[in-house]
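Visitor: Below you'll find the structure I mean.
Read-outs: derived from the displayed coordinates by stated rules, not from any lab. Note that this is a predicted model, so its numbers are computed, not measured. Note: ideal-geometry Cβ built from the backbone for every residue, glycine included; neighbour counts use all protein chains shown.
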Amino acid sequence: MRIADYSVTKAVLERHGFTFKKSFGQNFLTDTNILQKIVDTAEIDKNVNVIEIGPGIGALTEFLTENAAEVMAFEIDERLVPIWKILCVIMIMLK
């Protein structure tokens with residue numbers, strides 16, 4: 001199960017009462033094949049550090065952390081902070 005799985009994304013957003021903000025142009029990827037293609041095309045491996053702008057709930061971040069040396073993500077939507085607190089703990093535990 002991945003964050004990008006549609007059912008997981010939907011459940012996370014519903015649990016936190018999250019609604020999309022048009023001004024941020026928010027779209028969350030729920031296709032793991034596309035996420036893997038992004039990582040592959042960018043040639044991200046354990047020798048690469050990544051800065052991710054606008055990680056949303058972390059669908060791409062999950063793939064990046066599995067492949068990159070280090071990932072630093074910057075999110076401006078403060079409503080995602082509670083989700084990120086949980087996500088960071090999970091990613092640290094899995095690393």
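Visitor: Checking the conditions here, which among 12, 48 is surrounded by 12 or more Cβ atoms within 10 Å (Cβ to Cβ), more than 13 Å from the chain's Cα centre (by Cα) and among the β-branched types (Val, Ile, Thr)?
Guide: 48
Visitor: Go through the stretch 68-87 and give me each residue that's surrounded by fewer than 18 Cβ atoms within 10 Å (Cβ to Cβ) and over 17 Å from residue 18 (Cβ atoms).
Guide: 69, 70, 72, 74
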